[in-house]
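The values are calculated or read from the model by the stated rules, or taken from the named source; none is laboratory data. Every value quoted in this text rests on a predicted model; they were computed, and no experiment measured them. Please note: Cβ atoms are built from the backbone with ideal geometry, for glycine as well, and neighbour counts cover all protein chains shown. The area values use the complete protein model at the heavy-atom level, side chains included, leaving out ligands, DNA and RNA. Shrake-Rupley method; radii C 1.70, N 1.55, O 1.52, S 1.80 Å.
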Amino acid sequence: MGLLAEVSGNIGSIGYGLAAIGPGIGIGIIFGQGVQAIARQPEAYNLLRQNMILGFVFAEALALIGLVMPFVYNATG
Amino acid sequence: MSSLSGNAGTLLAAEEWHAPGLWLFQWKPLVEIGPFGITKPMILAFIVVLVVIGFFWAAFSKPQPVPKGAQMWGEYAYTFVRDQIARPMIGKDGDKYLPLLFTLFVFVWIMNLMSVIPLAQFPVTSRIAYPAALAIMVYLYMLYLGFKHQGFLGFFKNKLFPPGMPKWIYIILAPLEFLTNFIVNPFTHAVRLFGNMFAGHILIAMFAITGYHFLVVAVSPLGLPLGIVGAVMTVVMVAFELLIQALQAYVFAMLAANYIGGAVHAEH
């Protein structure tokens, strides 16, 4: 079977788009629930903010790896 | 301008609009000593070291009962790191690790801040080597503390087999925990800081190049609005980067505290 479809241009940008889906959903959930929790219990703000940021950075790591990888791939290839 | 000698040629030679790429981060050595080349990021890192030492010296060498000037800012930052990073993440004995965490926070922050300082305008941490060195340091310190406080086997047992799970699940959980704690965590610790600064610098550069290109290099009626958008967005992005820089320094120190806390106390 021959070539059915071809993508030209920078494939890395498509890869980044795919890599950003999961963390996007994750960060949305984290901050959505976090803000809700703060609204319900404003006196726990310090504790909640800490855990929100911690969860945010763990979710964000995946998107950042997706951002960096195309450059790494381009630099070697 | 000497500070631009690394890659300004690439920018000025561009007749048509080019998105910024990796060349933003590749600096030719300014001075070469044998196999080593001194590049701009190295010089900036050295300046940052001097600035941090100088600031700490000014702030804490002769403490006054009523703090003012550098001492006031130093103590303010110290209290912030103690109350927001060390104590919540490590616990009551977090104060013991404050010198490391406080230095990490300030050092990383000033390195990030170089992104917006005129003439410097390069975040030192957007070269992976700088965050990687700091992350490796924290990683080795975490291993040392873990072995010291929980014993060699105990540390691995506590890390790989968190209590309170059904027995059979450890077959899946232990390799995953190993991957998370000993490979992914130190890797993302460095890459998070690097990636944020890298992306931020590219964003600022992209808007700045857009503004420069359409307002100075190739002025045209169609390009003018685009150039104005680029120029305005450059200012907005610099303001946004100021926030991100402080946040990333905070996050870097917080994760270091988190790893140290996990090594000092077994999870319960």
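Here's the picture: charge each Lys and Arg Cβ at +1 and each Asp and Glu Cβ at -1 in region B:69-199, and of B:TYR97, B:ASN112, B:PHE198 the one pushed furthest to the positive end of that dipole is B:TYR97. Taken residue by residue and averaged, Cβ atoms of other chains lying within 10 Å of the Cβ of B:203-214 number 0. Of the whole protein surface, B:TRP73 contributes about 150 Å² of accessible area at a 1.4 Å probe radius. Ranked by solvent-accessible area (1.4 Å probe, protein heavy atoms only, all chains present), the residues B:THR79, B:THR125 order from largest to smallest as B:THR79, B:THR125. Three principal axis extents describe the C-alpha atoms of chain A; from largest down they are 62, 26, 17 Å. Only one residue of B:ALA77, B:GLN150, B:LEU22 has its Cα farthest out toward the positive end of the dipole of region B:6-264, where Lys and Arg carry +1 and Asp and Glu -1 on Cβ, and that residue is B:GLN150.
When chains B and A come together, the accessible area they lose, probed at 1.4 Å and totalled over both chains, is close to 1600 Å². Can you give me the C-alpha center-to-center distance between region B:205-249 and region A:32-77, rounded to a whole angstrom? Region B:205-249 and region A:32-77 have Cα centres spaced 26 Å from each other.
Normalised by the number of residues in chain B, the average gap of Cα pairs under 8 Å and 6 or more apart makes the relative contact order 24 percent.
Note on region B:145-251: Kirkwood hydrodynamic radius from all Cα pairs is 17.8 Å, rounded to one decimal. Note on the protein assembly as shown: with charges restricted to the Cβ of Lys and Arg (+1) and Asp and Glu (-1), its dipole about the Cα centre is near 880 debye. With all protein chains in place and ligands, DNA and RNA left out, the 1.4 Å accessible area ranks B:TYR139, A:TYR16, B:TYR259, A:TYR73 as A:TYR73, A:TYR16, B:TYR139, B:TYR259, largest first.
Here region B:6-264 yields Rg over Rh of 1.06, to two decimals, using C-alpha coordinates and the Kirkwood radius. The alpha-carbon of B:LYS92 sits under 19 angstrom from the alpha-carbons of these lysines, leaving out residues fewer than 8 places away in its chain: B:LYS148.
The figure for B:MET137 is an accessible area of roughly 90 square angstrom, using a 1.4 Å probe on the protein chains alone. For the set B:PHE147, B:PHE122, B:PHE36, solvent exposure ranked by accessible area (probe 1.4 Å, protein chains only) runs largest to smallest as B:PHE36, B:PHE147, B:PHE122. Applying a DSSP loop filter and a limit of 10 other Cβ atoms within 10 Å to the GluC sites (Glu not before Pro) in region A:2-63 leaves A:GLU6.
The residues of region B:54-204 have, on average, 53 Å² of accessible surface per residue, using a 1.4 Å probe with all protein chains present. Solvent-accessible area assigned to carbon and sulfur over region B:6-264 amounts to 76 percent, based on a 1.4 Å probe. As a length-normalised measure over Cα pairs under 8 Å and 6 or more apart, the relative contact order of chain A settles at 47 percent. Principal axis extents of the C-alpha atoms in the protein assembly as shown (largest first, rounded to whole Å): 73, 66, 55.
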